[in-house]
Structures are given as C-alpha cells and as structure tokens.
Amino acid sequence: MFRTRFAPSPTGPLHLGHAYSALVAFDMAQAAGGEFLLRIEDIDLARAKDAWERQIYDDLTWLGLRWPQPVMRQSDRQPAYDAALDALWDQGLLYPCRCSRADIAAAASAPQEGAPLLGPDGVIYPGTCRDALPPTGPRPQGVTLRLDMERAVRGIDAVRFTETGTHPAAVSITAEHLVHEVGDVVLARRDMGTSYHLSVVLDDAAQQISHVTRGEDLFDATSIHVLLQRLLGLPHPVYHHHRLIRDDAGKRLAKRDDARAISLYRSEGMSPADMRSILGL
Ligand code: GLU
C-alpha cells in the first residue's frame, strides 16, 4: 500500500514551499491509489502554537487536500520516543553531552582543526563528551543525548535507500561518511526529550509510511534516518526528495517568509487552481 505524508511544524504560517510539498505528496498518493496522511511535528513546544496548527488545517483544506483522522501529533508520542532512546541506550550507542553551542563551535574550530565542518545536523560534533567506553546505568533524563556514530556503524559497511525524487538513484552512504561527515548527532535534546531525526523515523514507521516525500534540503539527513531504522529494526521507506520553491533571488523559502504565506495569497483572492499553476503543478 502506497502511503505518504506531509509533516509540517506549527511554528509559523505555511508558505508556497509547504503548499508545493503537500500537493506533491497528495498527488502521488492519489496517482498510486494510496493514502496521504498529515502529521503535526510539534516537538518544539516553545515554538509550536495552536493557532498555527489550526491555520495548517485550514490552508490544506482550502488547497483541496483531505486526510484521515485522527492526525498524529508528535507531542503525544513521547512514550514511543522514550522506548527507542532506552533501546539505543541499552545497546551502548548514546552518551550524554553537556556542551553548549558555543563550546562546540569553539572546540570544532580550534586552530589545529581549521574551520568547523558542517554536516546535515549542523557543526560536526568534535566528540568532547564522548568517552572510550559507553556510559552505564539507567538512561539519564533531562540531558542532551548524542548517538555515538562510530559504535553505531560497527559491522555496517553502508546504509542504502531508494530515492525517486529529483535525482532518482539507489543511494548508498558509507559508514566512513557517517562517522566523518555526519558525526554524533543529537537524538534527544535537553529541552525536548527527543529530536527531529528520532521522531521522524519513529513516526514514519508507526504510520507505516511507504514513501517519504519532502524537500531536497532534507536529502543529507536521510542517511541518519536510514541508519536509525536499521538500529531500531524498522522498515526502510522509499524517499522522494522534491525540488525546493525559491524566491526571486533564488533563496529557498523559510518559515519567516510570511510574504509568501498561503493565507496571504488566499486573502488576495487567489484560487487553489491558481496556486497549483504558479507552482507548476
Ligand atoms: N517537520 C519537518 C519540516 O517542517 C518535516 C520533515 C520531514 O518531512 O521529514 O521541515
């Protein structure tokens, strides 16, 4: 069964880029006789707002999209995130990290290191809090937990996934790339008890998503997701990373691009068909 999803974060208005992403996913599901699901990615409770969530439902309904109820909300899923963190902790694959952003930037750009290397999760962690042996005892709460990438890829030569988006391919990312170009990513943030990477993987599995459709900006993060699926014994969906909608200067639209909010186009009298047409759909 073909099943895909659109997974916005209710931290601002949906703009043209979101409309494109949601429509691509919806159209693919329709064409395959499959299912389109909506998921609210509201783990960032400090930034998520009910009003933005309501606006998401409103904008997507206006666009002509329909989805089954109830909608999964990440803020209801902490028990599943905790269970996965426990499983990874028990395998010795996580360690607590007490570094601030400033500590990491300073350590990663120490004179002998040169400019800090960037991975899909920001500056590649220089390993300050990683010990030679995995920590023992129960999993600590209320702290940042990182994946020990070197340990996580032991016995794995590469992670592989099928990409059907802008650049279709059988993608293979080596263990060496994961260690050196991705590094020890955060799986639980101190203030959240989870992270985007962990939640997205567990939720896609729980919703039995067969095809993950999303923007090309997340292509590099997919190696992390496929590795987590492998460590947690979850199935690998097919990935479809679509092109990004850019502004006139060629910059991709960000959350703060309120000028391109769907609601604004709506209030100016644009129809859903007009919107499809400016998006090339
Ligand atoms: N919540 C993510 C975003 O708004 C979606 C990530 C995904 O589709 O995997 O960018």
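The values are calculated or read from the model by the stated rules, or taken from the named source; none is laboratory data. Worth saying up front: this structure is predicted, and the values here are computed from it rather than measured. Glycine gets a Cβ as well: all are built from the backbone with ideal geometry, and neighbour counts include every protein chain shown. Keep in mind that these areas ignore ligands, DNA and RNA; they rest on the heavy atoms of the full protein, side chains included. Shrake-Rupley method; radii C 1.70, N 1.55, O 1.52, S 1.80 Å.
If you go through the stretch 202-217 and keep only what is touching a residue at least 40 places away in the same chain (Cβ under 8 Å) and within 13 Å of the ligand (Cβ to nearest atom), you end up with L202, D203, D204, Q207, I209, H211, V212, T213, R214, G215, E216.
Taking the conditions (1) of a type outside the set (F, W, Y); (2) open to solvent by 20 Å² or more (accessible area, probe 1.4 Å); (3) within 12 Å of the ligand (Cβ to nearest atom); (4) modelled with pLDDT under 95 in turn, H18 satisfies each one other than (4). Would you check if D248 is more than 12 Å from the ligand (Cβ to nearest atom), open to solvent by 30 Å² or more (accessible area, probe 1.4 Å) and modelled with pLDDT under 95? For D248, the condition - more than 12 Å from the ligand (Cβ to nearest atom), open to solvent by 30 Å² or more (accessible area, probe 1.4 Å) and modelled with pLDDT under 95 - is met.
This table checks each residue for (1) aliphatic (A, V, I, L, M); (2) in contact with a Gly (Cβ under 8 Å, 6 or more places away or on another chain).
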residue	(1), (2)
T4	no, yes
S9	no, no
H15	no, no
A19	yes, no
A22	yes, no
G34	no, no
R47	no, no
G64	no, no
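T194: surrounded by 21 or more Cβ atoms within 10 Å (Cβ to Cβ), more than 29 Å from D86 (Cβ to Cβ), of a type in the set (V, I, T) and within 15 Å of the ligand (Cβ to nearest atom), yes or no? Considered against the rule, which asks whether it is surrounded by 21 or more Cβ atoms within 10 Å (Cβ to Cβ), more than 29 Å from D86 (Cβ to Cβ), of a type in the set (V, I, T) and within 15 Å of the ligand (Cβ to nearest atom), T194 comes out as no. Scanning the stretch 51-81 for residues being part of a helix (DSSP H, G or I) and open to solvent by 40 Å² or more (accessible area, probe 1.4 Å) gives a total of 12. The set of residues in the stretch 129-158 that are open to solvent by 40 Å² or more (accessible area, probe 1.4 Å), of a type outside the set (S, T, Y), within 23 Å of V179 (Cα to Cα) and in a loop (DSSP other than H, G, I, E, B) comprises R130, D131, A132, L133, P134, P135, R154, G155, D157. Determine, yes or no, whether V186 is out of contact with any helix residue (DSSP H, G or I) (no Cβ under 6 Å at 6 or more places or on another chain), closer than 23 Å to T11 by Cα and touching a residue at least 24 places away in the same chain (Cβ under 8 Å). Judged against the criteria, V186 is a match.
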